[in-house]
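The structure under discussion appears below in the form of C-alpha cells.
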Amino acid sequence: MDREAQIMRGRGAFRVQAWTDAFEALAAAEAERPLDTADLELLAEAADMLGRSDDAVVLLRRAYTAHAEAGSVGRALRCAYWLCKLLAWGGEFAHSGAWLARAKRLALAEPDCPEYAYVGLLEAELHFRAGEFAQMLKVAHRLPDGRDGTDPDLVASTTMTRGLALVNNGDITAGLAELDDAMVAVAEGTVSARCTGMIYCAVIGACQDLQELRRAKEWSEALAKWCAAQPDFTGVYRGLCRVHRATLLQLGGAWPDAVREARLACTQLTAGYGEGAAGGAFYELAELHRLRGEYADSERAYLDTLNHGWDAQPGLALLWLARGRKDKATAAIRRVLAETTEPLRRARLLPAAVEIMLANVTDGPGEAAAVADELQGIAGDHGAAALRAMAGQAAGAVRLAEGAAQEALPPLREAGRLWRELEVPYEAARVRVLVGLACRALDDEGSAALELDAARQLFEQLGAGPDLARVQRLTGTAPSLLSPRELEVVELISLGSSNHAIATKLFLSEKTVARHVSNIFGKLGVTSRTAAAAYAFAHGIVERDTTA
C-alpha cells in the first residue's frame with residue numbers, strides 16, 4: 001500500500017476509533033516520510049489511547065514544535081496540555097512543569113487566543129494535586145467560558161475543572177451541576193476520545209468521593225458501554241476507568257468481576273505511564289481480598305498501595321483488626337484521623353474508626369460515639385444517601401454497644417433501607433446483623449433469627465467469608481473442622497501461648513499438645529502458629545476480641 005493510501009486508511013480508522021489500525025497505518029506512513037502536523041497529532045492520540053505513552057510523548061513534542069514554529073500558538077498549546085498530562089501520569093513532574101513553563105512563554109505571543117485556557121487548566125490541576133483548592137477555584141473562575149470557540153475539548157475540560165474546583169471548595173450542588181454539564185458534552189460525542197476518558201474518570205471519581213453513588217453508577221454504566229465500543233482503548237484513562245468500575249462493582253456485590261477489573265487496572269497502570277494512579281488500583285484489590293478473607297493477598301496488595309505512594313488506610317487498619325491486632329488498628333486509625341481535616345475525606349475514614357474503636361472498648365464506647373456523631377454531622381451537611389446510611393449504621397452500632405438496643409433500631413433500619421435502595425448488598429447485610437443483635441438483646445429471638453439468616457444468605461452469595469463465619473457463630477451453625485479440644489488449643493495459640501503454656505492451662509502433656517497442634521495445622525492447611533491464628537480469626541473459629 002502506498003503512503004497516501006496508508007494515511008487515508010489511518011484517518012478512516014481514527015474516525016471510527018479503531019486505534020490499533022489507525023496507529024499502524026499512520027506509523028507506516030511516518031516511517032516512509034514525516035507526517036504533516038495534523039496527522040502527527042492523530043498518531044499521537046492513537047498512541048495515547050493504546051497505552052503507548054512513550055510514543056505519544058515523542059509525537060506530541062514534535063507536534064508542539066511544528067505548530068510553534070509555524071506560529072499556530074493555539075494548536076501548540078493544545079499539544080502542550082496533553083503532553084504535560086502524560087508526563088505527570090508517568091511521574092515526571094519536573095519534566096511536565098518544564099513543558100508548562102515553555103507553553104506559558106509561547107502563550108504570551110498570542111494572549112488572546114482561546115487555547116490560552118489550556119495553560120490555566122494545567123495550573124488548576126497543579127493546585128488540585130497540591131490540595132490548594134482555594135487557589136484552584138480562583139484559577140477556574142478566570143478561565144474563559146469558551147463556548148463560542150471551536151475546541152469542544154477545551155470547553156468540556158474547562159467545565160469539568162470548574163466543577164471539581166467548586167466541589168472541593170464545599171459548593172457541592174453547583175459543582176455537581178458543572179460536572180453533569182461536562183458529561184453531557186461527553187454523551188453528545190463532541191469531544192475527543194482521550195478527553196472523553198479523562199472526563200469520565202474525573203467525574204465518576206468525584207461522585208465516589210462525595211458518596212453520590214447513584215450518579216456514579218449512572219455515569220459508570222455509560223462509561224462501560226463507551227469502553228466496550230472500543231476494545232483497543234488500553235491507555236492510562238482506561239486503567240483509571242477500571243479502578244472506578246472495580247469500586248462500583250464491589251459496592252454492587254459483583255466481587256469476582258470487581259477483582260478482575262482491579263487486577264487489569266493494576267497491570268495497565270504499572271506498565272509505564274499511570275504509576276501515579278496505580279496505588280488506587282492496588283487499594284481496591286486489597287479491599288476485595290480483605291472482604292473475602294484472603295488476608296495474605298490483601299496484605300500484599302496494601303503494601304503495593306503504599307509502594308505506589310497511596311495511603312492504605314482505612315483498609316489496612318481494618319485488616320489488622322480482622323487479624324486480631326486491635327491496638328495496631330486503633331493507633332493507625334487515630335493517626336490518619338489526626339492528619340485528615342477535610343470533612344468528606346474524614347467521612348471516608350469515620351465508619352472504619354467506629355468499627356475499630358468499638359472492638360477495642362475498655363471503658364465504654366465514648367470515643368466511638370464522638371466519631372459517630374461527627375459522621376452524622378457531615379451527613380447532615382452534605383445529604384448524600386450513602387453518607388446518611390453510613391451515619392445511621394455507625395450510630396446504631398454505638399447505641400447497641402451502649403446497651404441501648406431499642407434506640408439502636410431506628411437508625412439501623414433507616415441505614416438498611418438506604419443501602420438496599422442504593423443496591424449495596426454487603427453493607428445492607430452488615431446492618432442486618434446489627435439489627436439481629438439488637439432484636440436478640442430485646443429478647444425478640446424470632447426476629448433476630450430472621451435478620452441473621454438474611455444476612456447469612458447475602459454473605460454467602462457475596463463470598464464474604466469472615467462475615468459469614470461470624471453470623472454462623474452467632475446462630476450456632478458454624479461448621480468446624482476441629483474437635484472441641486482442638487478448638488481450645490487453637491484459641492490459646494491465637495493468644496500467643498506456647499505448647500508448654502497450653503499444656504499447663506488444659507492439664508495435658510506437652511506431647512499431647514504437640515499432636516493437637518500438628519492435627520490443627522493439617523486440618524486448616526497451614527504450616528505455622530501465626531497462620532493458624534490468622535485462619536481462626538478470618539473464619540470465625542476464634543473471636544477476634546480474644547486477642548489483646
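Coordinate-derived values only; no laboratory data. Everything numeric here is computed off the predicted structure, so don't read it as measured data. Glycine also receives a Cβ, built like all others from the backbone with ideal geometry; neighbour counts cover every protein chain displayed.
The table that follows gives values for the structure above.
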read-out	value
Modelled FRET efficiency - R0 51 Å, Val184 with Leu481, Cβ distances, 0.05 increments	0.35
Electrostatic dipole magnitude of segment 337-474 [Cβ: Lys, Arg +1; Asp, Glu -1; Cα centre; debye, to 20]	300 debye
Distance between segment 200-244 and segment 486-504 - C-alpha centres, whole angstrom	50 Å
Neighbourhood charge, 13 Å Cβ-Cβ cut-off, centred on Gly380 and excluding it, Lys, Arg +1 and Asp, Glu -1	-2
Those aspartates and glutamates that a straight Cα-Cα span of less than 18 Å connects to Lys104, excepting residues fewer than 8 apart in one chain	Glu69, Asp112, Glu115, Glu123, Glu125
Signed unit charges on C-beta, dipole axis of segment 117-208, positive-most listed residue Met160, Met136, Ile199	Met136
Translational diffusion of segment 484-546, µm² s⁻¹ [Kirkwood Rh, Cα pairs; Stokes-Einstein; 10 °C; 1.306 mPa s]	140 µm²/s
Calculated semi-axes √(5λ) of the Cα gyration tensor in Å (choose from (1) 59, 25, 22; (2) 36, 31, 23; (3) 52, 26, 20), label	(3)
Formal net charge of residues neighbouring His308 (Cβ-Cβ distance under 14 Å; K, R +1; D, E -1)	-3
Given charges at Cβ of Lys, Arg, Asp, Glu: segment 1-112 dipole, positive-most of Gly10, Ala101, Leu42	Ala101
Difference of contour (0.36 nm per residue) and Cα-Cα distance, Ala38 to Arg3	11.0 nm
Summed residue charge, Cβ within 14 Å of Ala262's Cβ, Lys/Arg positive, Asp/Glu negative	+1
The chain, dipole about Cα centre (Lys/Arg Cβ +1, Asp/Glu Cβ -1), debye to the nearest 20	1380 debye
Dipole magnitude (debye, nearest 20) for segment 443-528, charges at Cβ of Lys, Arg, Asp, Glu	660 debye
Estimated FRET transfer efficiency (Glu421, Lys138; beta-carbon r; R0 56 Å; 0.05)	0.90
Reachable aspartates and glutamates, given that their alpha-carbon falls under 13 Å from the alpha-carbon of Lys523 and they are not under 8 places away in the same chain	Glu486
Relative contact order (%) - criterion: Cα under 8 Å, at least six apart; region: the chain	9 percent
Pairwise FRET efficiency - Lys511 versus Thr341, Cβ, R0 = 45 Å, nearest 0.05	0.20
Selected from Val73, Ala338, Leu248, residue furthest toward positive end of dipole (the chain; charges at beta carbon)	Ala338
